[in-house]
1. If you count, for every residue in A:93-100, the Cβ atoms of partner chains within 10 Å of its Cβ, what is the mean?
2. Give the calculated FRET efficiency between B:L65 and B:E248 to the nearest 0.05, with a Förster radius of 30 Å applied to their Cβ-Cβ distance.
3. Give me the compactness ratio for the range B:38-251, meaning the Cα radius of gyration over 2.2 N^0.38 Å.
4. Using the Cα atoms of the protein assembly as shown, I'd like the radius of gyration and the largest Cα-Cα distance, Dmax, both in angstrom.
5. Which aspartates and glutamates does A:K196 reach when only Cα atoms under 13 Å apart count, and residues fewer than 8 places away in its own chain are ignored?
6. Measuring from centroid to centroid over Cα atoms, what is the spacing of the range C:93-148 and the range A:191-239 in Å?
7. Calculate, axis by axis, the spread of Cα positions in the range B:171-263 along the three principal axes, and write the results as whole Å, longest axis first.
8. Heads up, I need the accessible area for C:R177: 1.4 angstrom probe, whole protein in place, Å², nearest 10.
Amino acid sequence: MFRNNYDNDSVTFSPQGRIFQVEYAAEAVKQGSVVVGIASKTHAVLVAIKRNAEELSSYQKKLFPIDEHVGIAIAGLTSDARVLSNFMKQQCLGHRLTYGRNMPVRTLVDMIGSKAQINTQHYGKRPYGVGLLVAGVDETGPHLFEFQPSGMTEEMVAFAIGARSQMARTYLEKNLESFAACGREELIRHGLRALKESLVQDRELTVDNTSVGVTGTATAKDGSTSVEPFQVFDQQDVAAWIESVADDKEAGAGEGEAAAAAEGEGMEVDP
Amino acid sequence: MDHRPQAWGRPRDDVYGAYDASYLHTNGPKTATQSPIVTGTSVIALKFKDGVVMAADNLASYGSLARFTDVKRLRPFLSTSVVGFGGDVSDMQFLDRHLTELAIDEAYEHDNTSSSSETPATAGQLNAANLHKYLSKLMYRRRNSFDPLWNQILVAGFDSSSTPFLASVDLRGTTFTSPSLASGFGAMLAQPIMRRHAATEEDAAKLTRDEAVAIVRECMKVLFYRDARSLDKYSIAVVTRDGVELSEEEQLEKQSWAFAERIRGYGTQTV
Amino acid sequence: MAAMFSQNPLMNGPNYSVNDAPRATAPEGARQHRFDPYTDNGGSTLAIAGAEFTVMAGDTRLTSGYSINSRHHPKLFKIGGTTADQKDATIVLSVVGFAADGEALKERLDTICKMYRYRHGKPMSVKACAQRLSTILYQKRFFPYYAYAILGGLDEEGKGAVYSYDPVGSYEREQCRAGGAAASLIMPFLDNQVNFKNQYVPNSGEGHALQERERRPLSRSEVEVLVKDAFDGAVERHIEVGDGLQIMVITKEGVEEVLLPLKKD
């Protein structure tokens, strides 16, 4: 029987130059339900499909606020995500206390990147079994980052991770050009449409299984900008968005709607 | 023969005197600045319509001795802020090195040179308000460990909403802001003059750059007249949204010592 | 035995340096100067609890000695909001004494409230926050925060709540409290005007037969007038009080903030 001798720990390379434990951790990410993130010039959104283990159980949370300007979406082991989430929360609070500002998103992502990398180079440690999409706003605008168990981090315009996320990514690639100019509402709808691409045949978006997280820059009438705090929407709060991307409306949802949304850009809309 | 083994090989007290073993005590009381040694006198600063002007003379005194006459006590930070130091000069130089390091880290972390032209080169970097917060935490931590940095520091620049910022922090970590600030003797001599022109933020927002510079130069003259630990050579810095203009070779002009003749009441006088 | 007291080393036999103690400590006549980590930055605060509101107030002068460092340095801070601008905060902390300690105390409490919200998904109650503040202060019992804190908010029943503290964490819930430089000037005034101390029903008798005036909760407008009068009085008689009066009124709608002028002399 075939036995892999190079996957007992995360410090040994295989002769092909691979570190199997890290690759297995990346597989754990693919086990998690799909999450999508998109960033425009004014907003960064995260949308996620929540799973329930059985009919009787509750749905596992997928989106977590980190600080007022950052939130994450997770795919993989929720408990590992909680460790990272707590760490990020602490770092953001600490940064706010010492510098009195929102922690730059890249700085934050680099920190968890370095933290996760350590687990891939020390004997007896295990890589995090979770992938993250980090959405946040700082002084340089909205950002979206991908984080992988290997410690790899990368800034993205739009991305999806988790089970069947390839279909969502295909949708995102197709609409890539339009994201930058999108307003808040249109960006969320793009996210939900990408999410729908990844659904199994007989499943659909419901208020129970869909989560939406938004942050962005809000422009006041006098031209000054402020941060729209990262907020997670669940249940009835996402009903209108789900309705707006229902199958029958999909055909009509095109450029016209995008233009309408662009006009209301930066407006704070609480559904 | 001395039969105490611990005495063997030791120099005899009656020949060499008692042995001073104090240098062996590495775990003795920790040393900390208990008083400043080489000191700089006042730093003064005044806000105006689109920035802040700050000044300090170039003297470092050793008690009442004018010890070093070419010490620069204003330093720019990231070309967006200015920091002015009063108090101990060695502690100032320590902070100066520390700030240089911080600025380098910050410039690496937020390198916008390759990004699009709409983001300014300094976007996302620490502004004056962030820097002041950081310095106040540093000073407060040092006071908590009874090892203070013996300075009063003024920080000038802009805050996150791009309005002029001016604040102070001292060796105990006490912080405050005001349209005009002065440390040391300047609090008695320069502050009343500056407050006459800018009592409130609104008044300061009406001052032009030239007016503000003229007021600060006038204050430097008064300080040279009445502060015995001062010098007629000084540095002046003007922070605007365009950056920092620092001149370190200013000379007090149009002095008039005629008033000195009229002073009566100190020491021996013939008439 | 006599040899012990003899000045002649030969009588004791030769001495050797087996003692590791340093030879001399400080030179003759040298004084040890120690850094004093505390100062008093003056100012005064005040809080009054009403039936369904709490009024907190503090002047905005920051002094050091006879110098006025700043004419606008707030002593009242909203605590425990979701964001840094504290838009949705429902608790107010006032600190007076050593400003740097006050600032540190406020940030500590606010961070704890933020972590509480993160862990429990709900804001901290005033009661819990008050207890926690006491612990924070007492943890630094042997290097205290030199700050007189007052915490204000609404309790679980919606009634005004004021908690006052000494620098090492002793605390109690009260109807009203003044803190800081002019506390001794303002507090007797509040005793009389809020708790009706030394007020008796006219013609109700003499000596022990005198009947105390019945206490009733004050209305918001009455309290606001009291606060202004208290500070106008304090400004006249205390040099460390003045410049501006910051008032925060906590109601079930949230926290309203106003800034009134005080004498700047």
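1. Other-chain Cβ atoms within 10 Å of each residue's Cβ, averaged: 6.
2. Details: r = 22 Å, r/R0 = 0.74.
Between B:L65 and B:E248 the formula returns 0.85.
3. Against the empirical 2.2 N^0.38 Å value, I get 0.98 for the range B:38-251.
4. 33.1, 115
5. A:K196 reaches A:E204, A:E243, A:D247, A:E250.
6. 35
7. 42, 29, 28
8. Surface accessible to solvent at C:R177 totals approximately 70 Å².
The values are calculated or read from the model by the stated rules, or taken from the named source; none is laboratory data. All of these numbers come straight from a predicted model, not from anything done at the bench. Quick reminder, even Gly has a Cβ in these numbers, built from the backbone with ideal geometry, and neighbours come from all protein chains shown. We work out accessible area using only protein heavy atoms, side chains counted, and drop any ligands, DNA or RNA first. Shrake-Rupley method; radii C 1.70, N 1.55, O 1.52, S 1.80 Å.
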